[in-house]
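The values are calculated or read from the model by the stated rules, or taken from the named source; none is laboratory data. Not measured: the values here are computed from a predicted model. Positions of Cβ are generated from backbone atoms using ideal geometry, with glycine treated the same way; all protein chains shown enter the neighbour counts.
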Amino acid sequence: MLVPTDFSEVADLALEHAIMIAKTFDNDIALMAIYDTGNLITSIFSKNATEEMVEKSLQTKLDQIKNEVKAKHNIDITTVVRSAHSIYKTIVETAEELNCDSIVMGTHGASGLKKIMGSNAQRVISQADVPVIVIKEKHFGDGYKNIVFPIDLSFETRQKVKWAIHLAQKFNSTIHILSFREDDEFLGHKINANINNVEAQFRDAGVQFTSYFLSDKAGLAKETINYAENINADLIMIMTQQDEGLSEIIIGSYAQQIVNNATTPVMTVTPTTKGITEVVRAL
């Protein structure tokens with residue numbers, strides 16, 4: 001998995017999640033630092049700093065983290081330093097280049113590299129073909145024991161089922177299925193069919209689950225976040241609900257609100273027109 005870092009507290013928290021996921025799934029970690037030659041050099045380093053000096057400094061920081069993680073967790077980390085004017089594109093391209101099957105990143109970094117952890121998080125989510133786990137302030141703790149799993153009317157919403165099962169079986173999780181009441185009879189039948197389908201898959205996989213209907217369809221994102229907080233959830237799993245924007249793909253309003261406002265870690269899964277894959281790669 002790829003972990004972009006700006007060496008801030010929230011980036012360290014994202015790395016904490018990545019380390020524990022890696023230990024659980026016997027996975028590898030690629031830790032990446034990115035600098036923008038247009039402003040990073042002058043904002044963090046001296047005005048006379050060269051790109052070579054910046055790269056060397058960042059590499060030294062990465063190597064220090066790499067050695068600490070190896071000593072403490074016996075996990076090997078690949079380090080990557082990249083120069084880029086488009087932070088989010090570089091993150092996505094690096095994930096593809098390294099064949100990473102997920103991206104774990106923090107948001108709202110407080111350091112001079114905060115561009116990596118700020119507005120670019122949503123752009124990474126919108127462009128990445130692999131799941132993205134967004135971390136803000138919650139520590140990994142005992143793992144993803146309680147996973148909030150919103151469901152809507154779309155077929156694509158069921159594509160995250162395999163990922164939910166994948167996580168639940170490793171962490172002995174309880175999946176909390178969330179949906180909303182639909183007044184229209186036809187739509188009501190449709191959403192109930194989606195719920196029944198998902199419940200059947202969880203039941204067949206031996207995964208514990210609950211089902212709960214939210215009361216306010218209009219405030220679905222806010223209610224989802226409140227529900228996650230009330231049960232002290234460890235993860236909210238959503239689809240990116242991508243729409244074609246004027247210049248690039250953007251994530252839908254619901255996903256955007258969840259990523260922006262939830263303090264609970266959020267895992268976003270990109271919908272595919274190919275349907276639900278039968279084989280899910282390990283995180």
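Out of everything in the range 79-97 that is outside any helix (DSSP H, G or I) and not polar (S, T, N, Q), what residue ends up being surrounded by the fewest Cβ atoms within 10 Å (Cβ to Cβ)? Show your work before the answer.
The initial filter retains those residues of the range 79-97 that are outside any helix (DSSP H, G or I), namely 79-86.
Now narrow it down to the ones that are not polar (S, T, N, Q): 80-82, 84-85.
Values: Val80: 20, Val81: 17, Arg82: 16, Ala84: 18, His85: 10.
The selected residue is His85.
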Response to the item:
Here the residues within the range 121-145 that are in contact with a Ser or Thr (Cβ under 8 Å, 6 or more places away or on another chain) and surrounded by fewer than 21 Cβ atoms within 10 Å (Cβ to Cβ) are Asp129, Val130, Lys136, Glu137, Lys138, Gly143, Lys145
Response to the item:
Residues of the range 196-210 being of a type in the set (A, V, I, L, M, F, W, C), surrounded by fewer than 17 Cβ atoms within 10 Å (Cβ to Cβ) and part of a helix (DSSP H, G or I), in sequence order, are Ala200
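Could you check the range 99-132 and list, in sequence order, the residues that are assigned to a loop (DSSP other than H, G, I, E, B), at pLDDT below 80 and closer than 18 Å to Ile258 by Cβ?
Scanning the range 99-132 gives His108, Met117, Gly118, Ser119.
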Item to complete: Identify, from the list Leu167, Leu178, the residue that is assigned to a strand (DSSP E or B) and either at pLDDT 85 or above or in the same structural domain as Lys23 (by TED's automatic domain parsing) (or both).
Response: Leu178
Practice prompt. For residues that are within 20 Å of the chain's Cα centre (by Cα), surrounded by fewer than 14 Cβ atoms within 10 Å (Cβ to Cβ) and at pLDDT below 70, scanning just the range 211-248, find the one that is nearest to Ser173 (Cα to Cα).
Written response: Asp243
